Every structure is written in structure tokens, then in C-alpha cells.
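The values are calculated or read from the model by the stated rules, or taken from the named source; none is laboratory data. None of the values given here were measured: they were computed from a predicted structure. Reconstructed Cβ throughout: ideal geometry from the backbone, glycine too, with neighbour counts over all protein chains shown. With ligands, DNA and RNA removed, areas are computed over all heavy atoms of the protein, side chains included. Shrake-Rupley method; radii C 1.70, N 1.55, O 1.52, S 1.80 Å.
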Amino acid sequence: MFRLDYTKLNLEQVRQAVESRKAPDCATELCDRMAGKTLKIILDPEPVRGPTLEYTFLSATKLTVKEDGGEAIPCDYGALSLKDLTLFSHMVAGTMRGYNVILDRKTRVVTVFEVWFVDRECKVPDMTKTFYEMQQPFDYDLHTNREVQRQYYSGYFEAAGEAAPEQRNKLTLRLENCMIKWKEDRGRNRLTTYTSSMFSTVVELDTPDGGDVLTFTSDILQANESSYIHSLGEVEFSGRLAVEVVDLFTMSKIGVCIGIDENDAFEHTLYRGRGRHIGRYAAFYDFNDKGDRYPDGALRRMDLATKGARATYRPSIMAKQLTADEVTNASRNTYIFDPEKEKSNNFCKIVLDETDYCAGREVTFRGDDGYDLELRFKADATLECRASGETRWSPEPYRAMELDEDLIIIGFYRSGSNPPACVNLALDFKNGLATCITMKIGSKHDMHDVDPDYHFGIIETAGVTPVRIFRHGFTDELLGRAFTWTYSDNISSIHIYNAPHSYSWTIINSGEPGSPANRAGGYVWSSPCEYIKLRDDVYIMAFVEQKWDGLTDVFFMNLRIMRDVGFEFGISHDGTSIQMNKVGAIARSAGTLDLKSLYPFRSYNAKS
């Protein structure tokens, strides 16, 4: 899914796809519990007024619906039940919209997800000419026509002689960082992490890109002590929307998926799933926070009074799309360890002191793959370098930090390089080993993406004898672990290393303890990455923000001192300059889950 190029369907193509299907599919038998019943659903007026819905269920697959007292419209539907909760789903005949209804037969509480495709040609910005700032409010119409929109409403269904219940299914953080492996009867094998009240992540374990963690905008509501309602919108991907009922007592779920699949066919499928609770990572909201409202950071970017508002994260619009010539022009405008840039960058506030450990040394990195790099370190934080096949020595400013005893982390830019390139090094003078990560801007996927190459080898320098057999290398030792990384007073992030070559992060909003801005539920996204072991408790995690700005960060981490250092490299969002900064953070452990049994055939010995 991560690398599929979904067709940019226009309004008429979407309409034809939706009208081609009527009844929902289900791999197993549908529930006939609603057959012969009538139902009147009253929805709360806030934050968006929903319609009054009157249903007559003619059979297990046919119903009529009246919206706000209008005419009865015949529709095909399907229903599934899980304990006291029933989910039924239908499109409204002759339209591009429908309803997914979850009703609690015991409490009479109802949650309705109205779904629709927009009935106009959507605005598609020309990303070769513009980009949108990350914190810019999403008050512009930037969906694509294939994206399913949603609005959930809370309410109840009437019962003769009974008062309206006061209870409602509410937004919650009770599932935060809970991980469940689901096997669905529609043929999907998924690892789901409920990362906040607004986002969840999924790894498709049986697909070719099963190493990629995918992030979806979500709604997570609590129905009772064991049951939750979970929606996930495949925004930035296919645009489909799924709505699920999850029960943690029985580790089972029911759900429905509506949208347009990768073959541009309309999908309307009900399904069941059986789950295995993998565990939970630590949650970092205040003890008295019930999680029943959005944090201020989210509310600054969406207006809940607007129908369809949701906390979408749209990386495809946050960076200008570039040509090779534009990358070349940007390479003429560089900010390498620029004090003013680092001063304004929240990821550059907590960095290790620099060291002159290498000053005066001549060091050769000798890669096992044939890549060599000769380095002459000067006394003024500059070096001269010459890589394999080069005859000219290139002078460069560099930054160096000692992350562990006699383990030096070094980063520098290759001035004059086209495409723009940089080098990250871990030089282990105790063992004579080294890792060299060379990076250039521009990949087979996108001119913005940074393309890394990983080289493992030894150090040749006076007084150092490399160990004979051992090398640094790719590892699965971080798989299943999670940490918080605090980069400054204004920004912290939860990293979950939940796939062999991919991870997810949650950006935690800043604020005073007890304030809405300080709670969990920040924005979440995922990236491909690689994990490398240098020593016991000392690792590298290097990622590229693909399908966005192409920025890369190489984090060298020492888990004994709970510290990381590293370098950020990439092209600016507006495509006009190249930047490289020194970054750093302090860490807290957020837990460990055993995921290795989920990925028994993954390779950790080659670049993904």
C-alpha cells in the first residue's frame, strides 16, 4: 500500500464505481438479528447536527430508511453482531453516501458513522508550484475524490415508555499504544497499534510491503469496559474507510470497509476478526486525563463544528515536488550546521558536546563492500576527505560527538556534490570497527527522498587493531521496543519500533501539566528505517520520511545513558536549499513487546 500509486479518480469515475455495487459483501454469514424490526435513532445536535434516522428492516439484507422524516428509501444492507453491539451498514440508494450504525441493544446508545464521497471535483493543488506548512490549519479542500469522508454522531434509539439514556460512546485514550494482531475473515493478517485517540497504525503482515508501518487517521471511542469503536481512514493511500467494533474480553472484532480499492473497484465489505493481544507500550497522558476531547494542538488544525473534520496528516502536500534541475539549484544554497537554523530547530536543542577526539588523526574507513573513505582531521573542526575513486581531497566542516567510550559519531556534508550528499560515521576506536552511511538526495521514488547506502567495515589508523571477525550490522534487537525522545522543551516524540524495516512516531504537544495541550493524542506518522547494532546497548536508527519531504535523520543511540545524537539532512520544504543539522535527545523507555515471532522470515542483513 505504501508505494501504490492510486489513480486520481475524478467525480464521474467515483460515481460510476459506487453505482456499480449495491449490496455489501461478507465472507461469512451475516447476522439476521435486525430482520423484522423497526428503529428510530435520535442523534445529538453537537458538534454537528445529524439526521433523525427511521429504519424498517424487511429482512436480513433489505431495509428502508427515512432521513429527517423524508420518504422511505429502500436499501441493501448487511449486519454483524458482537455481544450486545450490532453493526449494520448500507449505502443510500441513488447517492454516493451511506451509514454505518453501531447500536448497543442493552443501553440503547448509538454511534452513527455517516460516510460519503464529495459531490464536486476536488481541488488538487499543483505541488510543483506550492507546499503547505505543517502547522497550517487544514481549512482548505484538499481531499481527493476517491477519499471517503466521515462524520460520527452520538445518540440513542427510542424505546416505548423509556427515557433517553444519558450515556454516550466517547473519545478515549484507554486503548493508547495497545497492539493487537488481527486475523480477518476477509483474508487480511494485520498488526494494529491504537497509537492515540486520533490515529492508529497497521502493518499488513501478508503483503509484499509488510515491512512498512502505515498510519491512518482514526476515531477511537469507548463503548464499555471491554468494547471499543475504531475507525481508520486510509487518507494519503486508497481513501477507504473502515469502522470496527473491538472487544478485548473475547479478542474479537466486527467491521465494515467502504471505499475504492487499488483496482478502482468499489468495495463494501463486512468482516470478522480474531485477535491476539501482543501487549501495550507506556502511555504518557496525565493520570486524570480521560481522553474524551482532542488536544489543543489538534483543534488548531480542525474545526469540529465543520462536518467531516478529522485529524488528517497529509504529507503529500507538505513539500514542493521537485525536478532534478531544481535539486541542482538547491545544492547551490546550503545551510550546513548553520547556527541560526539550528537555533530555530526544536530538534537541535539537546545535543551532546562536541569532541576533538579525532583532531590530528588520519583515518581510513575500509568497507567490506569495497567502499573506502580517507579522512584527515584538522584541529579546527574541519577535515579533508577522499572516497573510493576520487583523487582530490575535499575540505569539509564536520561535527563529532563521543557517544560511548572511544566511539565517535561524525557527520559532514560533501560540498559541491550533485546530487547533494552527506556522510554519517560511527568510528569505534576501541574495536577498530566502523559504520559509514552515505546519503544523496534523489531516489527512484522521488527527487525529494534521501537515498542511503550502508557500509560496514574497519578503521585503519595508527594504534588501532580491528577485531578479526565481528562487524557492525543490521539487527532485530530493537524490534518491538519503544522510547520517548525529548528534543527540547517544546517537542517530544514516542518512537515505536514495530516492524523490521519501519517504525512509527507520535509527536506530543507541549503544554503545562494537566492542560489539554500536554496530553497524548498527538499527530502520528510512519517511515521506512533501518536498525544497526554498534555495541551492546548502542545502535543506529536511520529513517527517511518517504512520500513527504524526504528528510532523513540518523540517530545514534546509547541505551545505557538513554541518549541519542545524530544528523538531520535533506532539502527544505520549499525546495530552495539543502540543510544539515546536528540533532539530539534524551530518552525514556516506553516498553518492549515480543514481535519477532510475527516476522519469522524477515532479513536483517541487507538494505531494504
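Report yes if some residue within the range 254-262 is surrounded by fewer than 22 Cβ atoms within 10 Å (Cβ to Cβ) and modelled with pLDDT of 95 or more; otherwise report no. Walk me through how you get there before you give the answer.
Taking the range 254-262 and keeping what is surrounded by fewer than 22 Cβ atoms within 10 Å (Cβ to Cβ), we get 261-262.
Adding the requirement that they be modelled with pLDDT of 95 or more leaves none.
Within the range 254-262, none of the residues are surrounded by fewer than 22 Cβ atoms within 10 Å (Cβ to Cβ) and modelled with pLDDT of 95 or more.
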I'm checking my understanding of the structure. Among residues of the range 243-253 that are buried (at least 23 other Cβ atoms within 10 Å of the Cβ) and not basic (Lys, Arg), which one is nearest to Ala309 (Cα to Cα)? Val243
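Within the range 553-564, how many residues are in a strand (DSSP E or B) and either within 14 Å of Phe337 (Cα to Cα) or among the charged types (D, E, K, R) (or both)?
Step one: filter the range 553-564 for residues in a strand (DSSP E or B), giving 553-558, 563-564.
Add one more test, that the residue is either within 14 Å of Phe337 (Cα to Cα) or among the charged types (D, E, K, R) (or both), and what stays is 553, 563-564.
Qualifying residue count, the range 553-564: 3.
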Between Tyr371, Tyr398, Tyr454, which is under 21 Å from Ile532 (Cβ atoms), free of Cβ contacts under 8 Å to residues at least 40 places away in the same chain, out of contact with any Gly (no Cβ under 6 Å at 6 or more places or on another chain) and not small (Gly, Ala, Ser)? Tyr398
Tell me which of these Thr391 doesn't satisfy, since it passes every other one: (1) of a type in the set (Val, Ile, Thr); (2) free of Cβ contacts under 8 Å to residues at least 60 places away in the same chain; (3) touching a Lys or Arg at 6+ places or on another chain (Cβ under 7 Å). (3)
I'd like the residue in the range 270-308 that is open to solvent by 20 Å² or more (accessible area, probe 1.4 Å) and either closer than 30 Å to Gln16 by Cα or assigned to a helix (DSSP H, G or I) (or both) and, out of all such residues, is modelled with the lowest pLDDT. Asp296
One residue is enough: does the range 216-232 have a residue meeting the conditions in a loop (DSSP other than H, G, I, E, B) and on the phi > 0 side of the Ramachandran plot? no
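Residues Ser89, Ser59: which one is open to solvent by less than 30 Å² (accessible area, probe 1.4 Å), of a type in the set (S, T, N, Q) and either in a strand (DSSP E or B) or out of contact with any helix residue (DSSP H, G or I) (no Cβ under 8 Å at 6 or more places or on another chain) (or both)? Walk me through how you get there before you give the answer.
Details: Ser59 fails: open to solvent by less than 30 Å² (accessible area, probe 1.4 Å).
After ruling out the rest, the residue left standing is Ser89.
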May I ask you to verify whether Ile469 is closer than 21 Å to Gly566 by Cβ and either open to solvent by 40 Å² or more (accessible area, probe 1.4 Å) or among the β-branched types (Val, Ile, Thr) (or both)? no
Go through the range 415-432 and count every residue that is over 31 Å from the mean Cα position of the chain (by Cα) and part of a strand (DSSP E or B). 2
